[in-house]
Amino acid sequence: MSVLIGNIGELTTNDGERGRLHEAALVLDGPRIAWVGPSAQAPAADEFVDAEGRAVLPGWVDAHTHLVFAGDRTSEFEARMAGQAYAAGGINATVQATRAASDEVLGANLARLVAEARRGGTTTIETKTGYGLTTEHEVRSARIAAEHADIVTFLGAHVVPAGEDPARYLDLVTGPMLDAVAPLVGGVDVFCETGAFGEADAARILRAAAAHGLPTRVHGNQLGHGPGVRLAVEYGALSVDHLGFLTDGDIEALAGSWAGWDAGAGPRGTVATVLPACDLSTRMPLAPARRLADAGVVLAIASNCNPGTSFTTSMGFCVATAVLQMGLTVQEAVRAATLGGAITLGAHTDGWMDARGARQPRVGVVSVGARADLQILRAPSVTHLAYRPGVPLTDAVWRAGIRIV
């Protein structure tokens, strides 16, 4: 059944030819977008939805979350708010709770968080393993994640579990654990940071992932200056995420990785994924999104939803923060939270494979042939996302052509 959404006051397409349209309309036909253009020229459809002059934009693409977990870290958050510095070691508390939880508990919590994100306009979600840290529990996490998320990433290299020998654990992560989980995931991530994995160990993990034919990502430059960005660019990682501490050389390396990409003359580079809610929650420096954008780096904005450092699924909040505190324009932030996330996941082109092995149309854009992932705001413009921060503006959501909110 086809659906015409008409009387759109402002339509954000992320399409280079169309940009933002006013007095627009679009047609959904099954899981894809079939037509985009002026309301006055809209074709007939089986159903009509009146946008009543409100703003329409792509669904959010949240390209960095940690949703397979159990337990609560409220006390850790309270300690940070009282002045205690953040360190990576708190992850082990969630590891213990996650290992002790049943499949049913983990699945129910994941489903609850995904549903919460959908209500906020998120239509594509990546999530990671990384709270099991044994072969059995990492495989279990990947299996449960694939039941609800669009992309699953292996993060056995989150931290070295409490009581484990670091060298022996690295052998496990790059050997039997990766062998077991590889068929269930779409990529591999590594936390390259003080208290997690150093440069040589992170490089070994990236090489092991490549040997399995899996794309890579890096948590890097969160707690201080380090090798995360350099490694991500050197090994052709899809993204490097966090980025609170960057040198001019880091920014130049990220920008250089995209040389020629827009003109079709070169391969894709490494996306800089900023995590505004995490920066606020950990009271760490905000990533320099304005500097990155000005340098020509492709940006993504993600929630980093996890129980320890960023317990939010609200991409709208992250967009508002990126505008109000990181110096991005509203349009730049919206693009980063939609198309930027899609580029991070390799989901910006047709035929990407989701966690259940199904080929999917491109996401993050409103264009003919793209997956019909949309949200209508209770506002006349996307500018209201930052103009009215904290207000839940998402009023209706379609995912693959089906209205879910």
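The values are calculated or read from the model by the stated rules, or taken from the named source; none is laboratory data. All figures in this text were calculated on a predicted structure; none of them were measured in a lab. We place every Cβ from the backbone using ideal geometry, glycine too, and count neighbours over all the protein chains shown. Accessible surface is based on the protein model in full, side chains and every heavy atom, while ligands, DNA and RNA are left aside. Shrake-Rupley method; radii C 1.70, N 1.55, O 1.52, S 1.80 Å.
Structure above, values below:
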| quantity | calculated |
| --- | --- |
| Given (1) 34, 22, 21; (2) 37, 27, 19; (3) 49, 27, 18, the label whose value is semi-axes √(5λ) of the Cα gyration tensor in Å derived from this model | (1) |
| Dimensionless Rg over Rh [region 1-40; C-alpha; Kirkwood] | 0.96 |
| Probe 1.4 Å, protein heavy atoms only - accessible area per residue of the chain in square angstrom | 37 |
| Principal semi-axes in Å for region 169-222 [√(5λ), Cα gyration tensor, largest first] | 18, 12, 9 |
| Taking all pairs of distinct alpha-carbon atoms in region 337-380, Kirkwood radius in angstrom | 11.1 |
| In Å², nearest 10: area of residue 12 left accessible to a 1.4 Å probe | 10 |
| Cα-centred dipole magnitude for region 280-405, charges only on beta-carbon of K, R (+1) and D, E (-1), debye, nearest 20 | 120 |
| Relative contact order of the chain, pairs being alpha-carbon contacts under 8 Å that are 6 or more residues apart, as % | 20 |
| Charge dipole magnitude, Cβ of K and R +1, D and E -1 - region 193-261, Cα centre, debye nearest 20 | 260 |
| Solvent accessible area, Å² - residue 23, 1.4 Å probe, full protein context | 140 |
| Whole-number D in µm² s⁻¹ for region 275-405, Kirkwood Cα-pair radius fed into Stokes-Einstein, 37 °C, 0.692 mPa s | 211 |
| Hull shadow area, averaged, region 277-338 [alpha-carbon convex hull, nm²] | 3.8 |
| Relative packing of peptides 72-82, 54-64 - highest average C-beta neighbours within 10 Å first | 54-64, 72-82 |
| Convex hull of region 149-197 built on C-alpha atoms - directionally averaged projected area, nm² | 3.8 |
| Antiparallel %, DSSP beta bridges [both residues in the chain], to 5 | 45 |
| Size of charge dipole - the chain - debye, nearest 20, with Cβ of Lys, Arg +1 and Asp, Glu -1, no other charges | 280 |
| For region 17-101, average projected area of the Cα convex hull in nm² | 11.0 |
| Carbon and sulfur %, accessible surface of the chain computed with the full protein complex present, 1.4 Å | 53 |
| Unit charges at the beta carbon, dipole of the chain: most positive-side option, 110, 97, 375 | 375 |
| Choice from 189, 15, 354 with maximal GNM fluctuation in the chain (Cα, 10 Å cutoff) | 15 |
